[in-house]
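What follows draws every value from the coordinates through simple rules; no lab data is involved. The structure presented is a predicted model; accordingly, all values stated were derived computationally and were not measured. Every residue, glycine among them, receives a Cβ derived from its backbone with ideal geometry; neighbour counts consider all protein chains shown.
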Amino acid sequence: MGHPFSRHWSGGARAILVGLALCSAFNVNPARAELPAAPPPEVIARGKALAEAGDCGSCHTADPSKPFAGGKRIATPFGGIYSANLTPDRETGIGRWSDEQFLRAMRYGEAPDGSRYYPAFPYPHFTKLVRDDVFAIRAYLGTFTPVSNTPPPPDLRWPLNYRVLMRLWNFAFFRPAIFEPDQNKSVEWNRGGYLVEGISHCGACHTPKNFLGAEKQRERFAGSVVDGWFAPRLDGAMRGGLKSWSVDDIAEYLLSGRNGHSHAGGPMAQVVLNSTSHMSEADVRAMAVYLKDISAGPPEPATAAPSPTQMANGEKLYKGSCVACHELDGSGAPHIYPPLPGNANLQSANPASAIRIVLDGAETITTTRAPNTGSMPPYSKMSDQDVADVVTYIRNAWGNAAPAATAEEVAKLRK
């Protein structure tokens, strides 16, 4: 016989264990109910559309087999920055982030540890997004396979390699605020403004920067150098802007990569391929409506007539190498070989893009709306002076007017 107390304890223990088991059983459903519900398909679809409008995958994908795993080097005038891992990996991605932390990253450029991002991540534009759209993007990113990948640290020049300086940069140049609709404009115009100024961050490439990399708001959409190319004006400037383009022209260009005036090349070709060609026609048209309404900003530079010697040599080179596709009068074959007279890209203040096309050649991008191809061979065997002369000629023939290109500019871009 055991101790009487032991029998009493044994029965009590059994009762406690049964009670715990029952409590555990009854608590299974409540515990599961606390798990976050999967976002509705329509929210994920909206997040996907927004991520495409922002061309997020282009910057955050270094290895195409690992989308959004980050690690892609983004060149800046101050050195290189490597994009973050946006997959749901809990150690190296954003899997542990709360919605509020993701919102603060998008709206304020603030990492979960309180440090500040560099504006190569365009939070000065993403700050304009409403909360529901930010959370929709997060929901979409949550559908990707988690990938363990820790991007390298930035390799920026001193003193910008000290991230704490971004607090001063933000104080001087960053003004967080969501997009404010203009009640005097149409719903379509406001939708376009929300996309252009916000998630599509067009100004990040098409607005010139100051010496610290901040956009010059007084020269908004007046064009800027990007990776050795010149992102042209998006305002209503007569020669280098969108004055001669209609809303339909702009929409066609963004959807297909070409129109009757021009073809997308350089970095813009990738934007069309990876972003705007995947957007809905309604959203692209809204962007076109907004862009077409931007009035001309800073005056275009006065252009002196190029020297007769440069124009004569340029004309000779053009007739020897270019007329087969672009015709003697520069009319080309619209939608295959872009026309040269009145071409806004050619008449930009900066000749970088025209020089790059002559040096590197060009391949017309193909999209579902424009599947036919066209190409231009590189003319890199030309001397620096010859390239400068032919570029100067096409920028000033047929009524065009733009500053002359120089051999020094060609030599710099050739490198």
Positive end of the charge dipole of the stretch 208-314 (Lys, Arg +1 and Asp, Glu -1 on Cβ, about the Cα centre): tell me which of SER277, PRO306, SER262 has its Cα farthest that way. PRO306
Between ALA362 and residues 5 or more places away or on another chain, which pairs have amide H atoms under 5 Å apart, with H built 1.01 Å from N, and which residues are they? MET376
So, R0 is 22 Å and r is the distance between the beta-carbons of ASP63 and ASP227; what FRET efficiency does that work out to, to 0.05? 0.60
Each label point is 7 Å from the Cα along the Cα-to-Cβ direction; what then is the distance between the points at ALA324 and THR145, in nm? 4.6
Let me spell out the model: positive unit charges on the Cβ of Lys and Arg, negative unit charges on the Cβ of Asp and Glu, origin at the Cα centre of the stretch 292-415. What dipole size does that give, in debye rounded to 20? 200
With both bridge residues required to lie in the chain, what share of the DSSP beta bridges run antiparallel, to the nearest 5%? 95
For the stretch 374-413 and the stretch 268-314, write down the distance between their C-alpha centroids in whole Å. 18
Projecting each Cα onto the charge dipole of the chain (Lys/Arg +1, Asp/Glu -1 at the beta carbon, about the Cα centre), which of PHE135, GLN217, ALA407 comes out farthest on the positive side? PHE135
By its C-alpha gyration tensor, with a ≥ b ≥ c as the square roots of the eigenvalues, how is the stretch 327-415 shaped: rounded for a/c under 1.5, else prolate for a/b larger than b/c, else oblate? oblate
Residues of type lysines that LYS243 reaches as a straight line, Cα spacing below 25 Å, ignoring anything fewer than 8 places off in the same chain: LYS185, LYS209, LYS216, LYS292
Considering all alpha-carbon pairs of the chain, what whole percent are spaced by more than 26 angstrom? 61
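Given axes a ≥ b ≥ c from the Cα gyration tensor, I'd like to know whether the stretch 170-288 is rounded (a/c under 1.5), prolate (a/b larger than b/c) or oblate.
oblate
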Could you tell me the relative contact order of the chain? Use alpha-carbon pairs under 8 Å, at least six residues apart, and round to a whole percent. 12
Sorted by chain and then number, the residues having a modelled amide H within less than 5 Å of the amide H of SER224, at least 5 places away or on another chain, are ALA231
Let's test the formula: R0 of 45 Å, r as the Cβ-Cβ distance of GLU180 and SER98. What FRET efficiency results, to the nearest 0.05? 0.95
Cα centroid of the stretch 105-128 to Cα centroid of the stretch 74-91, whole Å: 12
Excluding ASP155 itself, calculate the net charge of residues whose Cβ lies under 14 Å from the Cβ of ASP155, where each Lys or Arg counts +1 and each Asp or Glu counts -1. +4
The simple spin-label model distance between ALA111 and ASN210, using points 7 Å out along Cα→Cβ, in nm, is 2.6
Which whole-Hz ³J(HN,Hα) couplings does the stretch 382-399 yield from phi under the Karplus relation 6.51 cos²θ - 1.76 cosθ + 1.60, θ = phi - 60°, glycine and proline marked x? 5, 5, 4, 5, 5, 4, 4, 5, 5, 5, 4, 4, 5, 7, 9, 8, 6, x
Please report, in debye to the nearest 20, how large the charge dipole of the chain is about its Cα centre when each Lys and Arg carries +1 at its beta carbon and each Asp and Glu carries -1 there. 1160
Need one number: nm distance between label points at ASN372 and ILE74, each 7 Å from Cα along Cα→Cβ, rounded to one decimal. 3.8
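Using only alpha carbon pairs under 8 Å that are at least six residues apart, calculate the relative contact order of the stretch 155-256 and give it in whole percent. Show your work: numbers first, answer last.
On the way: 83 pairs, mean separation 12.6, N = 102.
Once normalised by length, the contact order is 12 percent.
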Estimated vicinal HN-Hα couplings, Hz - the stretch 82-99 in sequence order (Karplus 6.51, -1.76, 1.60; Gly, Pro = x): 10, 5, 7, 7, 9, 6, x, 4, 7, 9, 10, x, 10, x, 8, 5, 7, 4
Partner lysines for LYS66 [C-alpha distance under 25 Å; skip if fewer than 8 residues away on the same chain]: LYS48
Can you list the HN-Hα couplings for the stretch 410-415, worked out from phi with the Karplus curve (6.51, -1.76, 1.60; θ = phi - 60°), rounded to whole Hz and with x for Gly and Pro? 5, 4, 5, 6, 4, 5
If I fit a long axis through the Cα atoms of helix 308-321 and take the longest principal axis of the Cα atoms of the chain, what angle between them do I get, 0 to 90°, rounded to 10? 70
Under the classification rounded if a/c is under 1.5, otherwise prolate if a/b is larger than b/c and oblate if not, where does the stretch 263-332 fall, given a ≥ b ≥ c as square roots of the Cα gyration tensor eigenvalues? oblate
Treat every Asp and Glu Cβ in the stretch 122-271 as -1 and every Lys and Arg Cβ as +1, leave all other atoms uncharged, and give the resulting dipole magnitude about the Cα centre to the nearest 20 debye. 500
Show that you can apply the helix-only estimate: for the chain, add -39,500 (n - 2.57) for every DSSP H stretch of four or more residues, divide by all residues, and state [θ] at 222 nm to the nearest 500. -12000 deg cm²/dmol
The stretch 29-163: relative contact order as a whole-number percent, Cα under 8 Å and 6+ apart: 30
Given backbone amide H placed at 1.01 Å from N, residues whose amide H is under 5 Å from that of THR76, ignoring those fewer than 5 places away on the same chain, are ILE81
If the cut-off is 23 Å between C-alpha atoms, which lysines fall inside it for LYS316, apart from same-chain ones fewer than 8 positions away? LYS381
